[in-house]
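Working notes for the structure below.
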There are 2 protein chains.
Amino acid sequence: MSTKLKGNAVVGQSGGPTAVINQSLVGVIEEACQHDCIDNMLGALHGVEGIRDEKFVDLKKVPKDKLEIVANSPSSALGSSRVKPDKELCNKIFDIFQKNNIRYFFYIGGNDSASSAHIVNNLANEAGYELRVFHVPKTIDNDLLVTDHCPGYGSAARFVIQALMGDDLDNRALPGIKIDIIMGRHAGFLTAATMMARSNEDDGPHLIYVPETKLPMEQFIRDVKNVYSRLGRCVVVASEGIVDENGTPWAKRIQENVEADSHGNIQLSGSGALADALAGNLKESMGVSRIRADTFGYLQRSFAGVVSDVDAREARLCGQMAVRFAVKENIDGSVSMRRLGDGADYKIETFVTELDNVAVKTKSLPAEYISDAGNNINESYRKYLAPLVGKIPQVAYLC
Amino acid sequence: MSTKLKGNAVVGQSGGPTAVINQSLVGVIEEACQHDCIDNMLGALHGVEGIRDEKFVDLKKVPKDKLEIVANSPSSALGSSRVKPDKELCNKIFDIFQKNNIRYFFYIGGNDSASSAHIVNNLANEAGYELRVFHVPKTIDNDLLVTDHCPGYGSAARFVIQALMGDDLDNRALPGIKIDIIMGRHAGFLTAATMMARSNEDDGPHLIYVPETKLPMEQFIRDVKNVYSRLGRCVVVASEGIVDENGTPWAKRIQENVEADSHGNIQLSGSGALADALAGNLKESMGVSRIRADTFGYLQRSFAGVVSDVDAREARLCGQMAVRFAVKENIDGSVSMRRLGDGADYKIETFVTELDNVAVKTKSLPAEYISDAGNNINESYRKYLAPLVGKIPQVAYLC
């Protein structure tokens, strides 16, 4: 038995919010309260920015009933950050940690956050400063390596499934062509989830495009024409990150003024430009007047009150386990999930993977789930997805 | 006591779908099953188009458990129609009614649908053909005359409230300027509903613009600058129908290619053009890079699984009462609701108003609810709105 490391702990949230990232936060807090070796449990406001500026909240003082409301609130309750720490900022963070006797650092976020945690961890190792660093995964993109799936994905998937169930019924009632743009810069997991909106043959979405497949505009138009001539209507979903025959994002080709964030990413969400351009192309080449396009935008990640209960529980667990692993097993790493069964037997167990395995790199939607024609998602994806999204409402129609 | 009119009944759905229009449909069906004077209860597919083409479903044959799923499904289960019947089509409809011994006609829709029902009713009166015609109100716009509020509004309001609760938390976590475009061509009721997303001072939405108030671009930019300089962030909601200082819709000024539907309406939804143009104007005149815009689009009216239970019950009741009024009281008209109490004492009763009172005309958001500066909704609106939307989830934050 090793002696437990004693000192203060910091938790932060980073990157795009999700519907359950606060479950992980509250998981960290409630587990931290169970361990005497953690003195103060500090919340850093706006991730690494809050650490840099020493803007901390004393989380052990937050009343339990408020914490439960926080856990059930979407978005990042401590505030988030898009700052990717450079060497200078990491040194600054490490200084603050030493100054405040921070011995535990929990960072809830995606692969960029794992990367930040990894850098700080290396600094501590180099300096011989004892620090436990744990990354708690979250992303609606579901694109982190090692883990079976990511907390946040199930709830976002649930949102887009319910959205497409309704939108397909809307399109059935007032037939035409409908295009829906779903979040997903490089990975098509969230867009692929909309396949679960289908219950019967000819239910939409009829075409599903993910960034993993090249999509020439001619194919897009041909696909839509085929469905429309067969059914008299067509519901299309496409990831915001879909690419042309050369692998260039359609959004990049379309947007004249490309805005990049500090990670060098192009702005895809928070604009209807891609959806409107796709609709415009169809209008030009088809004689159909009723072509509509919606970009789901931030609702997918931050809608209050649409949550997968499975996702919420797992997100909480990942937060708790990060503390347990750090305290009891004296290790660093990222919390991962392993699937132990499917369908009614679905359950998961958590395990630790090294920070380096999760940092920077991302996962793509496996090719086995994408139809041969590259314009749909195979039925086999349902087996992977269904346990993650909770019980989906049933719908029916009479026409 | 007059003798009950005996024959067949037709029900149809018209105009834009809502989350509870099928509750009204099932209300009509289940009540029709209680009255022997109604032989066949026929569902017209796609409103007046289904009557014209004699495309009917025998609704008494639909199993009860399926009907209950239909009631809980968004969008128009029988299919909808945007066709505004001209004299020729109304004559055709009347011919079909005579041919099929249709003695009861229930039409679920907005003011255009009331208008269609009114014309058919007049034709029957002129010909001395006994026909009971009832309009069942539905619209997310809440803009029908006479009734206190419209079935469909409460659920759409609930959707945009939950959306803004989440979106404001998202903006709090990653501060910047966010613009959300809400449905509402002429009436600001749905946009005004977002005021209920606020719980604490400085919660968003910080600015709310409705079509009832003229909005010069200079004011829009000045308003956003003021909020942003005070809070470091700003969440704006605007109706798709907001107008400039001359009363010209901003969407019309912005869209180069204006598409009009058969009622002469400009296409506002199903495009991100207005949102993107507003964001573009702000980017030009402010030094803020993080400006995002979402257009909520069809999700507002057709999302599966976000429903106000109050709205669902009232929609069902309005369908039932249409049949009861038609059968028992031998009258024509539109079902309206009268509010009998507020807060914990909230309840409504239904009554009949003449078709002519609801046809064509619409209601605007009363000026008393709009702030003097024309850029917000007064707290007094909460009293009107709160009973209609059901129990809203609580959210909290720590930053």
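The values are calculated or read from the model by the stated rules, or taken from the named source; none is laboratory data. The shown structure was predicted, so the numbers you read here are calculated from the model rather than taken from an experiment. Here the Cβ is made from the backbone with ideal geometry for all residues, glycine too, and neighbour counts use every protein chain on show. When the accessible area is computed, the model is the full protein with side chains, heavy atoms only, and any ligands, DNA or RNA have been set aside. Shrake-Rupley method; radii C 1.70, N 1.55, O 1.52, S 1.80 Å.
With every protein chain left in place, what is the accessible area of B:His118 in Å² (1.4 Å probe, nearest 10)?
40
Students often forget the sequence filter, so: which lysines lie under 16 Å Cα-Cα from A:Lys252 once same-chain residues fewer than 8 apart are removed?
A:Lys214
Just to confirm the number: angle between the C-alpha axis of helix B:153-173 and the first principal axis of chain B, 0 to 90 degrees, nearest 10?
Approximately 20 degrees, to the nearest ten.
Between copies, how close do the B:Gly232 label points come, placed 7 Å along Cα→Cβ, listed in nm from shortest?
Shortest to longest, the spacings are 5.6 nm.
In Å², rounded to the nearest 100, what is the total accessible surface buried by chains B and A against each other with a 1.4 Å probe?
Working: alone 16860 and 16800 Å², together 28640 Å².
Buried: approximately 5000 Å² between A and B.
In what sequence, highest mean first, do A:180-187, A:238-245 appear when ranked by Cβ atoms within 10 angstrom? Could you put the intermediate results ahead of the total?
Values: A:180-187: 25.2, A:238-245: 22.8.
Final packing ranking: A:180-187, A:238-245.
Mind jotting down the distance between the C-alpha centroids of segment B:167-224 and segment B:283-297, whole Å?
With segment B:283-297 and segment B:167-224 each reduced to a Cα centre, they are spaced 13 Å.
Using alpha carbon centroids, what distance separates segment A:21-42 and segment B:315-345, in Å?
54
Holding the Cα-Cα limit at 30 Å, pick out from A:Lys178/B:Lys64; A:Lys92/A:Lys328; A:Lys138/B:Lys66 the pairs that are longer than that.
Working: A:Lys178/B:Lys64 32 Å; A:Lys92/A:Lys328 28 Å; A:Lys138/B:Lys66 38 Å.
In this structure, A:Lys178/B:Lys64; A:Lys138/B:Lys66 lie more than 30 Å apart at Cα.
Give the peptides A:282-288, A:90-96, A:207-213 in descending order of average Cβ contacts within 10 Å, highest first. Write down the numbers at each step before the final one.
Working: A:282-288: 14.1, A:90-96: 18.0, A:207-213: 24.6.
The densest-packed peptide leads the list: A:207-213, A:90-96, A:282-288.
Skip the ligands, DNA and RNA, and give the accessible area per residue of segment A:144-190 with a 1.4 Å probe, whole Å². Numbers along the way, then the final one.
Working: 600 Å² over 47 residues.
Accessible area per residue, segment A:144-190: 13 Å².
Just counting partner chain Cβ atoms within 10 Å, what average do the residues of peptide B:62-75 show around their Cβ?
Neighbouring Cβ atoms belonging to other protein chains average 4 per residue here.
Could you work out the relative contact order of chain A, using alpha carbon pairs under 8 angstrom and six or more residues apart, expressed as a whole percent? If you can, show how the numbers build up before the last one.
Details: 891 pairs, mean separation 88.4, N = 399.
Here the relative contact order equals 22 percent.
Go through B:Thr362, B:Thr353 and list them by solvent-accessible area, largest first, probe radius 1.4 Å. It would help to have the intermediate numbers written out before the result.
Working: B:Thr362 65, B:Thr353 15 Å².
The ordering from most to least exposed comes out as B:Thr362, B:Thr353.
Point me to the residue of chain A whose C-beta lies closest to the A-onto-B rotation axis, rounding the distance to whole angstrom.
Nearest Cβ to the rotation axis, residue and whole-Å distance: A:Gly272, 1.
About the Cα centre, and with charges only on the beta carbon of Lys, Arg (+1) and Asp, Glu (-1), how big is the dipole of the protein assembly as shown? Nearest 20 debye, please. If you can, show how the numbers build up before the last one.
Details: 88 positive and 102 negative charges, 155 e Å.
In total the dipole reaches around 740 debye.
Which semi-axis lengths, in whole Å and largest first, follow from the square roots of five times the eigenvalues of the Cα gyration tensor of segment A:289-395? Let's see the in-between values first.
On the way: eigenvalues 194, 67, 59 Å².
Sorted largest first and rounded, they come to 31, 18, 17 Å.
Residue by residue through A:171-180, how many Cβ atoms from other chains fall within 10 Å of the Cβ on average?
Numbers: counts 4, 6, 18, 12, 3, 1, 0, 3, 1, 3.
Per residue, the number of nearby Cβ atoms from other chains is 5 on average.
Using heavy-atom solvent-accessible surface (probe 1.4 Å) with all chains present, what is the largest-first order of A:Arg301, B:Arg253?
B:Arg253, A:Arg301
Suppose we keep just the DSSP beta bridges with both residues in chain B; what percent of those would be antiparallel, to 5? Walk me through the intermediate numbers first.
Working: 13 of 46 bridges.
Roughly 30 percent of the beta bridges in chain B run antiparallel, per DSSP.
With a sphere of radius 11 Å drawn around the Cβ of A:Asn121, what net charge do the other residues whose Cβ falls strictly inside it have (Lys, Arg +1; Asp, Glu -1)? Please list the in-between numbers first.
Working: positive: A:Arg132; negative: A:Glu126, A:Asp332, A:Glu354, A:Asp356.
For residues surrounding A:Asn121, the net value is -3.
For B:Asp345, place a label point 7 Å from Cα along the Cα-to-Cβ direction in every copy; what are the distances to the other copies, in nm, shortest first?
List, nearest first: 6.0 nm.
Please work out how much accessible surface B:Cys399 shows to a 1.4 Å probe, ignoring ligands, DNA and RNA, in Å² rounded to 10.
The accessible area of B:Cys399 comes to roughly 50 Å².
Starting from a label point 7 Å past Cα on the Cβ side, list the distances from A:Asp95 to the same position in the other copies, nm, shortest first.
Those label-point separations list as 8.8 nm.
Would you compute, from DSSP H runs of 4+ residues alone, the mean residue ellipticity of the protein assembly as shown at 222 nm, taking -39500 (n - 2.57) per run and dividing by the full residue count, rounded to the nearest 500? Before the final figure, lay out the partial values.
On the way: 28 runs with 294 residues, N = 798.
Result for the protein assembly as shown: -11000 deg cm²/dmol, rounded to the nearest 500.
What dipole magnitude, in Debye to the nearest 20, does segment A:45-167 give about its Cα centre under +1 on Lys/Arg Cβ and -1 on Asp/Glu Cβ?
380
Under a crude label model (7 Å from the Cα following the beta-carbon direction), how far is B:Lys60 from B:Arg339 in nanometres?
If labels sit at B:Lys60 and B:Arg339, their model points lie 4.0 nm apart.
Calculate one ³J(HN,Hα) per residue across segment B:367-380 by plugging θ = phi - 60° into the Karplus curve 6.51 cos²θ - 1.76 cosθ + 1.60, and present them in order as whole Hz with x for glycine and proline.
Using θ = phi - 60°, the values come out as 4, 4, 8, 9, 5, 4, 6, x, 10, 7, 10, 6, 4, 4 Hz.
How much of the accessible area of chain B, in percent, comes from carbon and sulfur atoms when a 1.4 Å probe is used? Don't jump to the answer; show the numbers that get you there.
Values: 6550 of 14350 Å².
Carbon and sulfur: 46 percent of the exposed surface of chain B.
How large is the Rg to Rh ratio of segment B:73-177 when both quantities use alpha carbon positions and Rh follows Kirkwood? Could the numbers behind the result be given before it?
Working: Rg = 19.7 Å, Rh = 16.5 Å.
Result for segment B:73-177 is an Rg/Rh of 1.20.
Determine, at each q value in 0.06, 0.08, 0.09, 0.10 (inverse angstroms), the log₁₀ of I(q)/I(0) that the Debye formula gives when each Cα of the protein assembly as shown is one equal point scatterer.
Normalising to I(0) and taking log10 leaves -0.39, -0.67, -0.84, -1.02.
Just to make sure I understand: if all protein chains stay in place, what is the order of B:Lys4, B:Lys328 by accessible area at 1.4 Å, largest first? Walk me through the numbers on the way to the answer.
Working: B:Lys4 105, B:Lys328 125 Å².
I get B:Lys328, B:Lys4, largest accessible area first.
Highest GNM mean-square fluctuation, chain A, Cα pairs closer than 10 Å: which of A:Ala114, A:Ala315, A:Ala279?
A:Ala279
Give me the accessible area of A:Arg132, 1.4 Å probe, in Å² rounded to the nearest 10.
30
For the protein assembly as shown, what proportion of DSSP beta bridges, expressed in % and rounded to the nearest 5, is antiparallel?
Details: 26 of 92 bridges.
The antiparallel proportion sits near 30 percent.
What are the semi-axes of the equivalent ellipsoid for segment A:42-135, taken as the square roots of 5 times the Cα gyration tensor eigenvalues, largest first, in whole Å? Kindly include the intermediate steps, with their values, before the conclusion.
On the way: eigenvalues 113, 44, 27 Å².
Equivalent ellipsoid of segment A:42-135: 24, 15, 12 Å, largest first.
Indicate the gyration tensor shape class of chain A (rounded, prolate or oblate), computed on the Cα atoms with a ≥ b ≥ c the square roots of the eigenvalues: a/c under 1.5 is rounded; otherwise a/b larger than b/c is prolate and the rest oblate.
Numbers: a/c = 2.38, a/b = 1.89, b/c = 1.26.
Note, shape of chain A comes out prolate.
Could you state the angle between the C-alpha long axis of helix A:217-231 and the longest principal axis of the C-alpha atoms of chain A, as a value from 0 to 90 degrees rounded to the nearest 10?
Value to nearest ten degrees: 60.
I'd like the mean, over residues of B:273-282, of how many other protein chain beta carbons sit within 10 Å of each residue's own Cβ.
Numbers: counts 3, 1, 5, 7, 0, 0, 3, 2, 0, 0.
That average works out to 2.
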